[in-house]
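Undergrad: Questions regarding the structure given below will be posed in turn.
The values are calculated or read from the model by the stated rules, or taken from the named source; none is laboratory data. These numbers were taken from a predicted model, which means no experiment stands behind them. Every residue, glycine as well, gets a Cβ built from its backbone with ideal geometry; the counts of neighbours run over all protein chains shown. For the accessible areas, the whole protein counts, side chains as well, though only heavy atoms, and no ligand, DNA or RNA atoms are used. Shrake-Rupley method; radii C 1.70, N 1.55, O 1.52, S 1.80 Å.
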Protein chains: 2
Amino acid sequence: MSNASTVPTVGRPEIAAQYEDNSRYPSGIAYMDGQYLPMSQAKISVLDWGLLHSDATYDTVHVWDGRFFRLDLHLDRFFNGLEKLRMSINLSREEVTTVLQNCVGLSGHRSAYVEMICTRGSSPTFSRDPRDAINRFIAFAIPFGSVANAEQLKRGLHVAISSTVRIPPASVDPTIKNYHWLDLVKGLYDAYDQKAETALILDFEGNIAEGPGFNVFAVRGGQVSTPAKNVLPGITRRSVLDICSELQIPVAEKAVSQDDLFGADEIFITSTAGGVMPVTKVNERSIGTGSVGEITKTLMDEYWKRHSDPKWSTPISYFS
Amino acid sequence: MSNASTVPTVGRPEIAAQYEDNSRYPSGIAYMDGQYLPMSQAKISVLDWGLLHSDATYDTVHVWDGRFFRLDLHLDRFFNGLEKLRMSINLSREEVTTVLQNCVGLSGHRSAYVEMICTRGSSPTFSRDPRDAINRFIAFAIPFGSVANAEQLKRGLHVAISSTVRIPPASVDPTIKNYHWLDLVKGLYDAYDQKAETALILDFEGNIAEGPGFNVFAVRGGQVSTPAKNVLPGITRRSVLDICSELQIPVAEKAVSQDDLFGADEIFITSTAGGVMPVTKVNERSIGTGSVGEITKTLMDEYWKRHSDPKWSTPISYFS
């Protein structure tokens, strides 16, 4: 699909003083430069290096039933990314927490997808040197979204393996959460071409890396495993490792081959956007019994249970 | 550097109806959705997948002395990128040409940096499926910029080789001009740490790939060479190959090792942002005689001469 537009072909066109915006925006609240704004106002210049060089890091925490889930881990990762990219924001960790809380509180959303972003910004002197840039911090809260819809959560997602290779750590450090997604988008279109709903892509050794916005786990003979390297260290992935450890379910971070997937009893993916989500088909082949497995079900239940646990979650103030 | 901001820490903050923007923008004209706008109005939503997934392609053509340089080649590459990313815009090649011409004409810039962008956009139903997205076309013309300043053009740039590896073609097709620059930005900071002015980064075989926004050439014994693969097929690179061919200067696209650079008589880089630009130091070692070489000078001269050649350039209408 593409945007409608008209192009004047003759004569001098008018210059409009202000952009007339006819796009739709989700309900939510954003924060930029000390201002809380409706989502329609949350925009960056096309000259921001966050766009022009994808020179940015971010994190997404979710709110469920009025509580942040594991906010501390998301903040750790975000500030770690800032440091590695040599960016800085004029907000402390506590101030970022306040901003995120206020975006959610003002939005009124009981379940929300909350993103904090730092872009390189741009240079006020228009130089090409990133050291001259004024880094830009943005945050917003919009309604919660999920990789899998209700039906898919019940019957399991159908995924396809793409031969696209995840951008390797020698190029981009995957512990810096980043927007370099063209490999994942290519994988997604490859998956759609195979009538699947989402994709898994490979690492340089031909093992499974991850999918667009999620990590992957395989279960075989009661043993849970997930790729050890070349992947984003996801917070939901971390949560599954923690829950397995608590419940004494054997779990390992190790290479997961394509054959490991096809031979698995159960497969699931993990993402802040949806939590623990079952996979029941890979490349149109049924996995295990073909329905959502018992360990997957247990982990889904345990994951959602912890959303009301004060050790894993923090309440939002809705300024009622 | 980071942006100034204040965070309310107590009570319910106000929601502003409109973002108050105190940033500076370069002089220029942008185009979005049929509207010509000052650069301060050229913004995209933080929810656009062009930002959130760097799911975008673009091209940059320059205008010199009132004429586009090799616009056709830039349009070829842009439309090729759109097709490979399965994006579409509602503008024909002729209409895009008109838009670019009008942005420059309205800006009044005799020398300009002209960018055309297509982002994935976003889904009007807020789905996560890129096939649902309304792709967004944006163009703008701002003052011409160069990788090298006047002094650097005269004495040659000082570059450093970073061990960062350029994102490989198995991950992202380099013939789709894209914004995945975190590897190049890392290289740039590595170079700054070594007191150099810009960077070269490697390919997976340890050969030289390219730098932030430019291709690289080495000259030895009258033979010109440039990396054959793992690089953006730059239009300035293409122009140098064409000029060498016309002038019967021997030239080859082939692997260029780090030793090839240190042993070169001359090195130069090529970019739309500056043309053919000499390099006289690599990792603080002088290259050749330590000053700008004869073949480099010839290619710089020939490159700029062609900017008035109707076979290589197209005049702008300034609506005078």
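Undergrad: How far is the Cα center of segment B:281-320 from the Cα center of segment B:122-194, in Å?
TA: If you average the Cα positions of each part, the centres end up 22 Å apart.
Undergrad: Further, regarding this structure: Compute the accessible area of each residue in segment B:163-178 twice, once for its chain alone and once with every protein chain present, using a 1.4 Å probe on heavy atoms, and list those whose area falls by at least 20 Å².
TA: SASA drop of 20 Å² or more in segment B:163-178: B:Val165, B:Ile167, B:Pro168, B:Ala170, B:Ser171, B:Val172.
Undergrad: Relative to the longest principal Cα axis of chain B, at what angle does helix B:294-305 sit, 0 to 90 degrees, rounded to 10?
TA: Between helix and principal axis, roughly 40 degrees.
Undergrad: Right, something else. Quick one: accessible area per residue over segment A:12-143, 1.4 Å probe, rounded to a whole number of Å²?
TA: Using a 1.4 Å probe on heavy atoms only, each residue of segment A:12-143 averages 34 Å².
Undergrad: Once Rh is set to the Kirkwood radius over Cα pairs, what Stokes-Einstein translational diffusion coefficient, in µm²/s, holds for chain B at a temperature of 4 °C and a viscosity of 1.567 mPa s?
TA: 61 µm²/s
Undergrad: Now, a different point. Put a dot 7 Å past each Cα toward the Cβ at A:Asp72 and A:Arg238; how far apart are the dots in nm?
TA: The modelled label-to-label distance comes out at 1.0 nm.
Undergrad: Rounded, prolate or oblate for segment A:24-77? Axes are the square roots of the Cα gyration tensor eigenvalues, ordered a ≥ b ≥ c, and the cut-off for rounded is a/c under 1.5.
TA: oblate
Undergrad: Would you mind telling me which residue in A:Ile267, A:Ile44, A:Ile138 has the biggest mean-square fluctuation in a Gaussian network model of chain A, where springs connect alpha carbons within a distance under 10 angstrom?
TA: A:Ile44
Undergrad: Report relative contact order for segment B:158-227 in percent, whole number only (criteria: Cα-Cα under 8 Å, sequence separation at least 6).
TA: Relative contact order, segment B:158-227: 33 percent.
Undergrad: Let me ask something additional. Write down the Kirkwood hydrodynamic radius of the protein assembly as shown, to one decimal in angstroms, obtained as one divided by the mean of 1/r over all alpha carbon pairs. Please report the intermediate quantities before stating the final value.
TA: Working: mean 1/r = 0.0387 Å⁻¹.
Taking every pair of different Cα atoms in the protein assembly as shown, averaging 1/r and inverting gives 25.8 Å.
Undergrad: List the distances, in nm to one decimal, from the label point of B:Lys305 to the label points of the same position in every other copy, shortest first, placing each label point 7 Å from Cα along the Cα-to-Cβ direction.
TA: Output for B:Lys305: 8.0 nm, nearest copy listed first.
Undergrad: If you don't mind, another one. Based on the Cβ-Cβ distance from A:Asp173 to B:Ser27, what FRET efficiency comes out when R0 is 41 Å, to the nearest 0.05?
TA: Computed FRET efficiency for A:Asp173 and B:Ser27 comes out at 0.65.
Undergrad: Which of B:Asn207, B:Asn230, B:Asn149 ends up with the largest GNM mean-square fluctuation for chain B, with Cα atoms connected below 10 Å?
TA: Most flexible of the set in this elastic network: B:Asn149.
Undergrad: What is the interface area between chains A and B, defined as buried accessible area summed over both chains with a 1.4 Å probe, reported in Å² to the nearest 100?
TA: Answer for the A-B pair: about 9400 Å² buried.
Undergrad: Can I ask one more? If one puts a single equal scatterer on every Cα of segment B:217-286 and applies the Debye formula without solvent, what log₁₀ I(q)/I(0) results at q = 0.15, 0.19, 0.24, 0.25 Å⁻¹?
TA: After summing over all Cα pairs, the log10 values are -0.46, -0.76, -1.20, -1.29.
Undergrad: Count the lysine pairs in segment B:150-307 whose Cα atoms sit under 18 Å apart, keeping only pairs 8 or more residues apart in sequence or on different chains.
TA: For segment B:150-307, the number of qualifying lysine pairs is 9.
Undergrad: For A:Lys43, give me every one of the aspartates and glutamates with a C-alpha distance below 15 angstrom, ignoring sequence neighbours fewer than eight places off in its own chain.
TA: Partners found: A:Glu20, A:Asp21, A:Asp33, A:Glu115, B:Glu20, B:Asp21, B:Asp48.
Undergrad: Continuing with the same structure: Can you tell me how much longer the chain between A:Ser88 and A:Asp259 gets when fully stretched, taken as 0.36 nm per residue apart minus their C-alpha distance, in nm with one decimal? Walk me through the intermediate numbers first.
TA: Numbers: separation 171, 0.36 × 171 = 61.56 nm, distance 4.36 nm.
That pair, A:Ser88 and A:Asp259, stretches by 57.2 nm at full extension.
Undergrad: Kindly sort A:Ile269, B:Ile15 by accessible area of their heavy atoms, largest first, with the probe set to 1.4 Å.
TA: B:Ile15, A:Ile269
Undergrad: Here's another thing I want to ask about it. Between B:Glu246 and the same site in the other copies, what are the distances in nm, shortest first, taking label points 7 Å from Cα along the C-beta direction?
TA: For B:Glu246, the other copies' label points sit at 7.1 nm, shortest first.
Undergrad: On average, how many beta carbons from a partner chain sit within 10 Å of the beta carbon of a residue in A:182-195?
TA: 4
Undergrad: Would you look at the GNM of chain A, springs on alpha carbons closer than 10 Å, and say which of A:Leu200, A:Leu100, A:Leu153 moves the most?
TA: Evaluated over chain A, the most mobile residue of the options is A:Leu153.
Undergrad: Tell me, what is the 1.4 Å probe accessible area of B:Glu266, in Å² to the nearest 10?
TA: 20 Å²
Undergrad: At A:Ala16, with labels set 7 Å past Cα in the Cβ direction, how many nm apart are the copies from this one, shortest first?
TA: So the distances to the same position in the other copies read 2.2 nm.
Undergrad: Quick one: compute the contact order of segment B:12-143, relative version, from alpha carbon pairs under 8 angstrom and 6+ residues apart, as a percent.
TA: Working: 216 pairs, mean separation 42.8, N = 132.
After rounding, I find 32 percent.
Undergrad: Scale the Cα Rg of segment B:170-235 by the rule-of-thumb value 2.2 N^0.38 Å and send over the ratio, two decimals. Write down the numbers at each step before the final one.
TA: Details: Rg = 12.6 Å, N = 66, 2.2 N^0.38 = 10.8 Å.
Output field value: 1.16.
Undergrad: Using the Karplus equation 6.51 cos²θ - 1.76 cosθ + 1.60 (θ = phi - 60°), what ³J(HN,Hα) coupling, rounded to whole Hz, does each residue of segment B:95-111 give in order, writing x for Gly and Pro?
TA: 5, 4, 4, 4, 4, 5, 4, 5, 4, 5, x, 5, 6, x, 5, 7, 10
Undergrad: To continue, here is another question. Can you give the accessible area of A:His109 in Å² (nearest 10), computed on protein heavy atoms with a 1.4 Å probe?
TA: Taking all protein chains as shown, A:His109 has close to 30 Å².
Undergrad: Measure nothing but the geometry: give the 0 to 90° angle between the long axis through the Cα atoms of B:182-193 and the longest principal axis through the Cα atoms of chain B, rounded to 10°.
TA: Its long axis makes an angle of about 60 degrees.
Undergrad: Determine ³J(HN,Hα), in whole Hz, for all residues of segment A:255-260 in sequence, where each value follows from phi through the Karplus function 6.51 cos²θ - 1.76 cosθ + 1.60 and θ = phi - 60°; x replaces Gly and Pro.
TA: Calculated HN-Hα couplings, in order: 4, 10, 7, 4, 5, 4 Hz.
Undergrad: Let me ask another. Given the DSSP H assignment, sum -39500 (n - 2.57) over each helix run of at least 4 residues in chain A and divide by its residue total; what's the result at 222 nm in deg cm²/dmol, nearest 500? Could you put the intermediate results ahead of the total?
TA: Working: 8 runs with 81 residues, N = 320.
Value at 222 nm, helices only, nearest 500: -7500 deg cm²/dmol.
Undergrad: With all protein chains present, calculate the accessible area of B:Thr236 using a 1.4 Å probe and round the result to the nearest 10 Å².
TA: Its heavy atoms expose roughly 10 Å² to the probe.
Undergrad: Separate question: Across the residues of A:67-74, average count of Cβ atoms on other protein chains within 10 Å?
TA: Across A:67-74, the average partner-chain Cβ count within 10 Å equals 0.
Undergrad: Is any residue of segment B:237-259 close enough, with backbone N under 13 Å, to a label point placed 7 angstrom from the Cα of B:Ala228 along the Cα-Cβ axis, and if so, which?
TA: Inside the label zone: B:252-257.
Undergrad: Can you list residues whose amide H is under 5 Å from B:Val224's amide H, if they're 5+ apart or on another chain and H is modeled 1.01 Å from N?
TA: B:Val251, B:Ala252
Undergrad: Under 16 Å between alpha carbons, and skipping anything fewer than 8 positions from A:Lys84 in its own chain: which aspartates and glutamates qualify?
TA: A:Asp55, A:Asp59, A:Asp76, A:Asp173, B:Asp183, B:Asp190, B:Asp193
Undergrad: Taking each residue in B:312-320, count the Cβ atoms of any other chain within 10 Å of its Cβ, then average. What number comes out? Let's see the in-between values first.
TA: Numbers: counts 0, 0, 0, 0, 0, 1, 1, 3, 1.
Counting Cβ atoms of other protein chains within 10 Å of each residue's Cβ and averaging gives 1.
Undergrad: To test your reading of the geometry: what angle, between 0 and 90 degrees and rounded to tens, separates the Cα axis of helix B:71-84 from the longest principal axis of chain B?
TA: 60 degrees
Undergrad: Pairs of alpha-carbon atoms within less than 8 angstrom and 6+ residues apart define the contacts here; what relative contact order does segment B:150-307 have, in percent? The partial results should precede the final answer.
TA: Details: 330 pairs, mean separation 40.5, N = 158.
The normalised contact order for segment B:150-307 reaches 26 percent.
Undergrad: What translational diffusion coefficient, in µm²/s and rounded to a whole number, does the Stokes-Einstein relation yield for segment B:150-307 at 10 °C and a viscosity of 1.306 mPa s, taking the hydrodynamic radius as the Kirkwood radius over Cα pairs?
TA: 103 µm²/s
Undergrad: Right, something else. For segment A:199-209, just list the computed ³J(HN,Hα) in residue order, Karplus coefficients 6.51, -1.76 and 1.60, θ = phi - 60°, integers in Hz, with x standing in for Gly and Pro.
TA: Result, ordered by residue: 10, 10, 10, 9, 9, 5, 8, x, 7, 6, 9 Hz.
Undergrad: Whenever you get a sec, compute what percent of the accessible area on segment A:203-320 sits on carbon and sulfur atoms (1.4 Å probe).
TA: Here it works out to 47 percent.
Undergrad: Still on this structure, I have one more. Grab the alpha carbons of segment A:12-143, take their convex hull, and tell me the volume per residue in Å³.
TA: 124 Å³
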